[in-house]
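Every read-out reported here was derived from the displayed coordinates using simple, explicitly stated rules and does not represent laboratory data. This one's a predicted model, so the numbers in the text were calculated from it and none came from an experiment. As a convention, Cβ positions derive from the backbone with ideal geometry for all residues, glycine included, and neighbour counts pool all protein chains shown.
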């Protein structure tokens, strides 16, 4: 067999190291493969590899990578093969050029996940009805044979495009999780492709219409140059958005920046980073942006020179050829065509923000230079979520905050100038199936794939060849918990005539796992080699050494895929003879040839034992600096080469009511201003909660103690309903119902409730969720341009249970 | 004074309430659910004012991360019938677990909820200031955990010289009871102790097991 086992690390150790460790730990532990690789000698730049009196070894490693916005370093204390304590990055010189990557409460609680009794331990197959959650233990051979034969069957019967390896970010370092299966499927002939994410559909799709790129962000060390920062629906202290983003904002503030936070909730970031909190009615961000533009333009605070040199479509003098009589941005703002000037008074009625506050913020943003308008992602996971993305970009452009230190172009803001971290270093290869769907429409592709075409966002084919017949769900809770409208998804998945086979591969039995026909238990990221680069930002590579062998009968994702690849007859192509550690060395080489020419070898990194290779940033790069200096010779990748305030491409789509060529406020399809509010008067949010990464960590006691799952409600709404803090309440709409305790708090706007997303769906016998999974309330309706999820657009009602 | 007295410093202005300090402490000492040697209070007050179509948020909030304050006049020590609590030379207040009978008088005496009963051992427990780390030249676990870098420690006199006095902040009781060895830089929203329109919003999260 040419493929190497990804198994016992002991075989990979050199003899000298083995002997040294043997002396330290005794043979028994090593015989069980219990310790990581060689401990190197201390070097001048490295942190000490300490050996405590009790035999504790310190290993610095990446925090297991899920899909939080952080990529952090843990300092593991290991004794007798067990992690006994978890600290964090302790590299000296914690300054902003290269700050410590301090883990948050989730990483620091990791022992409670690692040693959780509910970890999946054995392969299992379903014995009850699908979705019932009844399984029996089987052998790995049987399990892998089942999956391989089902893959072959579906491929033969329908073709590769009937296979879906769904979106999933539950295990997110380089030789882990979904991408290991994606590589296998690509070698197997492909599987149904998809684009977009559940995080960033609208912001990644819309930003390039303005800027021709998603690389619109300055490196974060530049933030300290800003004098005015708007955290618009942005909550870095809780979701992190790059380890240390909250810390960089703190530093900017210490350096004199005024910070305001626009958000329906008084978030952790609003409390700790902002000088002012401006609560806004959810889904009305573009109304506020438009009114700010009204004040900025009326009071001549816009940057006329920059607009003249670098933008197009601002006013009638700048319209694309042949569209001179169409509505420009200025026309929209002043109501030239629709008769409605977008004044602060107009926006007050929509946003709930006093007109005088709107005018003041506009003046501040228009006159304090340089200024950052940082867009969070929650507001784009909404109906017409493209509009606030475009609107924020346009505000940045008309105030001339693009291409300057301390400024911010808005939009998705990937890091200048190379786009930042790669994320997917592991080579998944090319998918031979050319058809791709917007990721959020996978249930549609189950129900009516063969009818789906461009009108449903399908690319690569006029119509899909197949409905989805086989789902291999790896490190994903998207089947049930994280997709919109849980009750609908459950009904679809229960029907075995639709999806004929579901395999589930994960570390815990999540709500998605309960709908599987086959369950494959995966080890944690402490039990397999791994590597991470930053999340959205960062100039570092973090290594995840294998601490010990997978326990019980768990295997790594890569190992499982490698064993399936043998059964599919493509083992050599799949593994290329590499085990996981060798793939990490391969990945480090790739970094050496691209972003990080100076990166040491894996051996050297291990000897240094810092857990991380990082490049200090002393001269942060500024996006669009060249363009701003000389737009003629550095044109953007837009049709005009300029910043497109008016987009001809959007105009040409011919759907001005839903996809206007300039950013507009559009009332959402579920809205407090709509008829639906008579029955369901409350807007519900499902924010990213500190104790979880999406649905990961929901079962961890230390995290639940710190941040219990609650529905948060303003005292005014609570009083109307006779609700007190601690009461069990019903939250419901036409799509579903939950009963959970309520926390009454002034830190949320009246008319708005919050059910932090990611709690695991726990339906009782009546189908009422008892844990608080917000997706029992959400809608699977998608946004018009990006075909993105609008899971935060929810109307509902609350009553005492 | 003149006596050595270690103290925690906490910058409330930039505390996000993420509770990484709380869990870093639990992890180091293997404290199960219900024991919170360090805990984070979410303080909220004010009201909402309707103004036409608009809402004016006359609302404020801040966080207080607090462990044992290793008081200069520790009531816990005085309350212990078996002299199981001692104040070390560096000012740290520690429980001698061998002497502790688990009578819980100290729990009632402490106005900060710092002394907590461990059901498994039948003994009282509390923050040790990570004295083992201090001996080894390291900082306390909570201090090095903070993603916002708002926790620190040092000699009380030095901290007060740097930051001024700072221990009259809700929800701390008036400092004269115990002379807590803590210096808190107040959040802009911090009101003085005993302000009536103010409350702990997350009471269920900070109440350790009774």
Next on the checklist: 7 Å from Cα along Cα→Cβ at both residue A:498 and residue B:155: what's the point-to-point distance in nm?
Outcome noted: 7.1
Checklist entry - What FRET efficiency comes out for the pair residue B:133/residue A:338, r = Cβ-Cβ distance, R0 = 41 Å, nearest 0.05? => result 0.05
Checklist entry - Hey, what's the Kirkwood Rh for chain A if you take every pair of different alpha carbons, in angstrom? => result 27.4
Item to check | Three-way shape label, segment A:675-800, alpha-carbon gyration tensor, a/c 1.5 | outcome: rounded
Next on the checklist: What distance in nm separates the two pseudo spin-label positions at residue A:95 and residue B:56, each 7 Å out from Cα along the beta-carbon direction?
Outcome noted: 4.6
Checklist outcome for this item: To the nearest 10 degrees, the tilt of helix A:140-157 (Cα long axis) against the first principal axis of the alpha carbons of chain A is 50
Next on the checklist: Per-residue counts of other Cβ atoms within 10 Å, averaged by peptide: what ranking do you get for A:411-418, A:618-625, highest first?
Outcome noted: A:411-418, A:618-625
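Compute the Cα gyration tensor for segment A:597-728, then decide on rounded, prolate or oblate, letting a ≥ b ≥ c be the square roots of its eigenvalues: rounded whenever a/c is under 1.5, prolate when a/b is larger than b/c in the other cases, and oblate in all that remain. Don't skip to the answer; put the middle values down first.
Values: a/c = 3.37, a/b = 1.14, b/c = 2.95.
Note, shape of segment A:597-728 comes out oblate.
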Checklist entry - So, in Å, what gap is there between the alpha-carbon centers of segment A:335-404 and segment A:144-199? => result 41
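Under the 0.36 nm per residue contour assumption, what length would be gained going from the current alpha-carbon distance of residue A:54 and residue A:781 to full extension? Before the final figure, lay out the partial values.
On the way: separation 727, 0.36 × 727 = 261.72 nm, distance 5.78 nm.
Full-extension gain reported as 255.9 nm.
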Item to check | Angle in degrees between helix A:15-25 and the longest Cα principal axis of chain A, rounded to the nearest 10 | outcome: 90
Item to check | Other protein chain Cβ atoms within 10 Å, averaged over every residue that makes up B:149-161 | outcome: 1
Item to check | Inter-centroid distance (Cα atoms) of segment A:460-532 relative to segment A:749-790, Å | outcome: 18
Next on the checklist: Suppose only helical runs count, i.e. DSSP H with n ≥ 4. What mean residue ellipticity at 222 nm does that imply for chain A under -39500 (n - 2.57) per run, divided by all residues and rounded to the nearest 500 deg cm²/dmol?
Outcome noted: -7500 deg cm²/dmol
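If the convex hull of the alpha-carbon atoms of segment A:224-276 is projected onto planes in all directions, what is the mean projected area in square nanometres? The partial results should precede the final answer.
On the way: hull surface 12.3 nm².
Dividing the Cα hull surface by four gives the mean projection, 3.1 nm².
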Next on the checklist: How many angstrom lie between the Cα centre of segment B:51-129 and the Cα centre of segment A:107-126?
Outcome noted: 34
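Pulled fully out, how much extra length does the chain show between residue A:138 and residue A:677, if you take 0.36 nm times their separation in residues and subtract their Cα-Cα distance?
Working: separation 539, 0.36 × 539 = 194.04 nm, distance 5.07 nm.
My answer for the length gained is 189.0 nm.
Assuming R0 = 41 Å, can you tell me the calculated FRET efficiency for the pair residue A:592 and residue A:629, based on Cβ-Cβ distance, to the nearest 0.05? Intermediate values should be presented prior to the final figure.
Details: r = 32 Å, r/R0 = 0.78.
Using R0 = 41 Å, I get an efficiency of 0.80.
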Checklist entry - Once all Cα-Cα distances of segment A:106-241 are split into 5 Å bins that start at 0, what whole-number percent is in each one? => result 2, 6, 8, 13, 16, 15, 11, 9, 8, 6, 3, 2, 0
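Please work out how much length the chain gains when fully extended from residue A:82 to residue A:462, using 0.36 nm per residue of separation minus the C-alpha to C-alpha distance, in nm with one decimal.
131.3 nm
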Checklist entry - How crowded by other chains is B:45-57, given as the mean number of beta carbons from other chains within 10 Å of each beta carbon? => result 6
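Need one number: % antiparallel among DSSP beta bridges in chain A, to the nearest 5. If you can, show how the numbers build up before the last one.
Details: 46 of 86 bridges.
Around 55 percent of the beta bridges assigned by DSSP in chain A are antiparallel ones.
Under Stokes-Einstein, with the Kirkwood radius over Cα pairs standing in for Rh, what whole-number D in µm²/s applies to chain B at 37 °C and 0.692 mPa s? If you can, show how the numbers build up before the last one.
On the way: Rh = 17.8 Å.
Rounded to a whole number, D works out at 184 µm²/s.
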Item to check | Residue-averaged [θ]222 nm for chain B, counting only DSSP H segments that reach four residues, each worth -39500 (n - 2.57) | outcome: -4500 deg cm²/dmol
Checklist entry - Between the helical axis of A:386-398 and the dominant principal axis of chain A, each derived from Cα atoms, what acute angle in degrees is found, rounded to the nearest 10? => result 60
Checklist entry - With each pseudo-label sitting 7 Å past Cα toward Cβ, what's the residue A:601-residue B:3 distance in nm, one decimal? => result 5.9
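Just to verify a number: FRET efficiency for residue B:89 and residue A:585, C-beta to C-beta distance, R0 = 35 Å, to 0.05? Please list the in-between numbers first.
Values: r = 52 Å, r/R0 = 1.49.
The calculated FRET efficiency here is 0.10.
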